[in-house]
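The values are calculated or read from the model by the stated rules, or taken from the named source; none is laboratory data. The structure displayed is predicted, hence computed values, not measured ones. Ideal geometry is used to build each Cβ from the backbone, glycine not excepted, and the neighbour counts take in all protein chains shown.
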Amino acid sequence: MQFNITKNTDTRYNAIDWNNLRFGVYFSDHFFIAKYKDGRWNNGEIVPYGPLSFEPALCTFHYAQSCFEGLKAFNCMDASGNITGNANIFRPRKNAERLNMSGERLCMPSIDVDFQIEAMKELVRTDQKFIPKQRGQSLYLRPFIIGSGNFLGVQASSEYLYMIITSPVASYYANGLEPIKILVEDKYVRAVRGGLGFTKAAANYAASLYGGTKARERGFSQVLWLDGVEFKYVDEVGAMNIMFLIDGELITPTLEQGSILPGITRMSILEIAKDMGIKVSERRIEIQEIIDAHKTGKLQECFGTGTAAIISPVGQLTYKTENMVINDNKIGQLSQKLYDTILDIQYSDTADKKGWNEHFKL
Ligand code: PLP
Ligand code: COI
């Protein structure tokens, strides 16, 4: 696959504060764009990053036919921390497949998975100087697809744009691996059974903003959503899946209800934990079970998993009047071990025994 590349004549590189990268604040010099029209995708091309122009009647502005992905590219390092000249994108096939799964639910055309992966690799190669050089930092890739037709009738578009932008990033949360405070939401919902919860639809994030903002005003980093039917079972966090270590068992909500995003970090962490000999279960978890486990001292650790955050220990969970401080508000042993293990895989040319990494020479 060969993509036409139009190089930027200027660079955005010098405007980046590399000592304070944060998350999703800076963007690289180029982006990838492919267009869908008359029932087919065109070849796609890499062009300078910059504004796009749209008609006010763009259907996505009105009816949110939009979904996205999030994944990371890394500069591989040897055991001494020296950069080897190879890059890795972590499990891009899974993200490409999930984009098509989201797209199907949103009545969008699918995009060939190999095409998506080649587009990501070529874009990373083109903007390789934007891949950060420190462990813990990466080049975040944000593929997304939007309806690009102009009309007001509520219907699926017949035209689409698939784009990938990239952003050099550090930790998702300002304080890195420091435990965060999470509010268990008992009034608002993000997704319900039969809805879009299992997809990475932009609309899910719009639905989460109100509860998230209210929680942040009260000093919480994020919201833990409960099921939208009974407000009884744990679903997931705003941008992460959730896991609990209770009495030596790692437990995470099952995906069966269809309201939770099937996280690729979730899937990877469950497999790594099983390999470590830890008992793992995917099942429905009542919030009351967490409260009880906390009261009896059996709730050992709680953490979120996601591409942006990787592993994010939860130091406090608040549900109504119940404030549960977990593991003394410290990073748990298992959280740290899982974090180190997944980072070793992502940054190394050789540590990946599972074939998860898409390695390529820069
Ligand atoms: N749940 C939600 C709502 C998310 O936005 C994310 C982030 O992508 C996740 C879970 C974790 O998914 P993944 O591990 O594939 O990044
Ligand atoms: C990710 O982890 O990739 C996410 O998409 C989370 C958030 C930035 C939406």
Residues of segment 294-312 being farther than 17 Å from residue 268 by Cβ and under 22 Å from the mean Cα position of the chain (by Cα), in sequence order, are 301, 302
Looking at (1) touching a residue at least 24 places away in the same chain (Cβ under 8 Å); (2) within 13 Å of ligand 1 (Cβ to nearest atom), which is the only condition residue 257 fails? (2)
Can you find a residue that is surrounded by 16 or more Cβ atoms within 10 Å (Cβ to Cβ) and more than 14 Å from ligand 1 (Cβ to nearest atom) anywhere in segment 89-98? no
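Which one is farthest from ligand 1 (Cβ to nearest atom) among residues in segment 99-120 that are in a helix (DSSP H, G or I) and crowded, with 21+ Cβ neighbours inside 10 Å?
The residue in question is 119.
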From the list 293, 309, which one is modelled with pLDDT under 95 and in contact with a strand residue (DSSP E or B) (Cβ under 6 Å, 6 or more places away or on another chain)? 309
Determine the pairs where a residue that is touching a residue at least 60 places away in the same chain (Cβ under 8 Å), located within segment 333-347, has a partner that is part of a helix (DSSP H, G or I) with Cβ atoms under 7 Å apart, the partner being 6 or more residues away or on another chain. 338/269; 338/272; 338/273; 341/272; 342/268; 342/269; 342/272
Filter result (assigned to a helix (DSSP H, G or I) and surrounded by 17 or more Cβ atoms within 10 Å (Cβ to Cβ)) within segment 344-362: 345, 346, 347
Please go through segment 208-260 and give me each residue that is crowded, with 19+ Cβ neighbours inside 10 Å and of a type in the set (Asp, Glu), ordered by number. 227, 235, 236
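Results for (1) at pLDDT below 95; (2) within 17 Å of the chain's Cα centre (by Cα); (3) within 16 Å of ligand 2 (Cβ to nearest atom); (4) not basic (Lys, Arg), shown as yes or no for each residue.
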position	(1), (2), (3), (4)
90	no, yes, yes, yes
97	no, yes, yes, yes
106	no, no, no, yes
111	no, no, no, yes
115	no, no, no, yes
119	no, no, no, yes
125	no, no, no, no
Residue set 349, 340; condition away from ligand 2 (no atom under 16 Å from the Cβ), of a type in the set (D, E, K, R) and over 23 Å from residue 174 (Cβ atoms); output residue 349
Across (1) within 16 Å of ligand 2 (Cβ to nearest atom); (2) within 15 Å of residue 183 (Cα to Cα), residue 326 clears everything bar (1)
Within segment 294-308, can you find the residues that are in a loop (DSSP other than H, G, I, E, B) and not aliphatic (A, V, I, L, M)? 296, 297, 298, 307
Would you point out which residue out of 331, 278 is within 23 Å of residue 219 (Cα to Cα) and either modelled with pLDDT under 95 or away from ligand 1 (no atom under 16 Å from the Cβ) (or both)? 331
Among the numbered criteria (1) more than 29 Å from residue 210 (Cα to Cα); (2) more than 15 Å from ligand 2 (Cβ to nearest atom); (3) touching a strand residue (DSSP E or B) at 6+ places or on another chain (Cβ under 6 Å), which single criterion is violated by residue 179? (1)
Check segment 110-126 and report whether any residue there is touching a residue at least 24 places away in the same chain (Cβ under 8 Å), among the aliphatic types (A, V, I, L, M) and farther than 22 Å from residue 201 by Cα. yes
Check on residue 316, away from ligand 2 (no atom under 16 Å from the Cβ), in a helix (DSSP H, G or I) and surrounded by fewer than 21 Cβ atoms within 10 Å (Cβ to Cβ): no
Go through the residues of segment 300-315 one by one and say whether even a single one is without any contact (Cβ under 8 Å) to a residue 24 or more places away in the chain and more than 16 Å from ligand 1 (Cβ to nearest atom). no
